[in-house]
1. Run Gly54 past the list (1) more than 16 Å from ligand 1 (Cβ to nearest atom); (2) touching a strand residue (DSSP E or B) at 6+ places or on another chain (Cβ under 7 Å); (3) closer than 30 Å to Glu223 by Cα and report the number of the one that doesn't hold.
2. Looking only at segment 9-57, count how many residues are within 16 Å of ligand 2 (Cβ to nearest atom), in contact with a Ser or Thr (Cβ under 7 Å, 6 or more places away or on another chain) and touching a residue at least 60 places away in the same chain (Cβ under 8 Å).
3. Which one of Ala46, Ala64, Ala41, Ala91 is among the aliphatic types (A, V, I, L, M), in contact with a helix residue (DSSP H, G or I) (Cβ under 9 Å, 6 or more places away or on another chain) and in a loop (DSSP other than H, G, I, E, B)?
4. Could you please find all residues in segment 171-217 being buried (at least 19 other Cβ atoms within 10 Å of the Cβ), small (Gly, Ala, Ser) and in contact with a helix residue (DSSP H, G or I) (Cβ under 9 Å, 6 or more places away or on another chain)?
5. Sort out which residues of segment 167-187 are at pLDDT below 90 and either away from ligand 1 (no atom under 16 Å from the Cβ) or more than 17 Å from Glu201 (Cβ to Cβ) (or both), and write them in order of number.
6. I need a count of the residues in segment 118-128 that are in a helix (DSSP H, G or I) and modelled with pLDDT under 90.
7. Report those strands (runs of 3 or more DSSP E) wholly inside segment 194-259 carrying at least 1 residues which are within 24 Å of Val11 (Cα to Cα) and touching an Asp or Glu at 6+ places or on another chain (Cβ under 8 Å).
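The values are calculated or read from the model by the stated rules, or taken from the named source; none is laboratory data. As the structure is a computational prediction, the values presented were derived from the model and not from experiment. Glycine also receives a Cβ, built like all others from the backbone with ideal geometry; neighbour counts cover every protein chain displayed.
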Amino acid sequence: MTSPSAPLFQVENLHARPAVDDLDAATPPEILRGLNLTVNAGEVHAIMGPNGCGKSTFASCVLASPEYEVTEGRLVLHGDDITDWPTDVRAKAGIFLGFQYPQEIAGVSVIQFLRQALSARKGIDLSVLELRLATMDWMKRLGMDSSFVDRYLNEGFSGGEKKRNEIMQMAILEPDLAVLDETDSGLDIDALRIVAKGIREVRVDRPQMGVVLITHYQRLLDELAPDHVHVMVDGRIVASGGMEIAERLERDGYESFRS
Ligand SMILES: Nc1ncnc2c1ncn2[C@@H]1O[C@H](COP(=O)(O)OP(=O)(O)O)[C@@H](O)[C@H]1O
Ligand SMILES: [Mg+2]
């Protein structure tokens with residue numbers, strides 16, 4: 001049952017490993033090894049961690065990627081245990097994932113994709129014209145040309161265009177929880193500022209939205225001032241705090257967080 005008093009999103013002792021179809025194959029080791037996280041409505045959380053610690057695996061598990069098997073623990077959204085919910089149901093319930101490496105989809109334009117995603121998420125069937133109007137404002141805010149929505153999804157997009165497109169999707173789909181995986185990677189400082197501004201503007205429109213920012217870099221945190229900063233090492237969160245955690249990371253590196 002959805003509970004109004006429950007936190008927006010809770011991750012309880014999450015363990016996950018790559019899914020294997022081949023029954024004879026050796027069981028792969030766990031990538032996530034007891035991850036805990038609570039995100040309240042309106043909060044921005046940053047997760048920082050070295051390459052390979054499991055950040056993208058976590059993002060994939062939040063949206064139920066078939067690539068991973070959850071072996072222990074729970075994911076709870078608005079008080080509902082969603083651990084067994086498939087991807088489409090989670091998306092409909094309000095979870096948005098911005099990918100580290102957005103996929104190219106040949107032959108599907110940005111606007112066609114948005115139209116389908118919006119229909120799946122909210123059951124709203126906007127005409128292309130209506131959607132075009134809705135996207136125009138966001139494209140302007142994100143510094144994109146209005147012809148952008150007619151291009152094929154991510155085909156030949158620069159790193160910055162891919163990330164801005166993810167932010168526009170987030171703005172249009174109006175999620176309750178947005179998980180943004182390395183939204184800052186591959187961006188120069190100007191593009192990073194535009195993306196950060198886009199995230200801030202979506203939050204102004206949707207102050208209750210929770211955001212989990214997965215990032216390598218202090219720069220994005222300086223722009224977005226998260227409420228909570230977490231350090232992830234070897235598949236679990238080993239330290240949590242405010243911006244002082246990010247400053248300690250900058251100074252001492254991840255080694256100082258390894259036990
Ligand atoms: N589908 C998979 N099959 C096998 N190993 C995987 C798979 N996905 C991730 N891994 C491994 O799990 C570890 C964590 O990967 P990932 O979650 O992408 O880390 P991060 O995003 O923090 O850099 C890495 O060692 C990676 O090689
Ligand atoms: Mg990653």
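1. So Gly54 meets the others, but not (1).
2. 4
3. Criteria check complete, one pass: Ala64.
4. Ala171, Ala178, Ala191, Ala196, Gly198
5. Glu182, Ser185, Gly186, Leu187 - these are the residues of segment 167-187 that are at pLDDT below 90 and either away from ligand 1 (no atom under 16 Å from the Cβ) or more than 17 Å from Glu201 (Cβ to Cβ) (or both).
6. 4
7. Passing ranges, in order: 210-214, 228-233.
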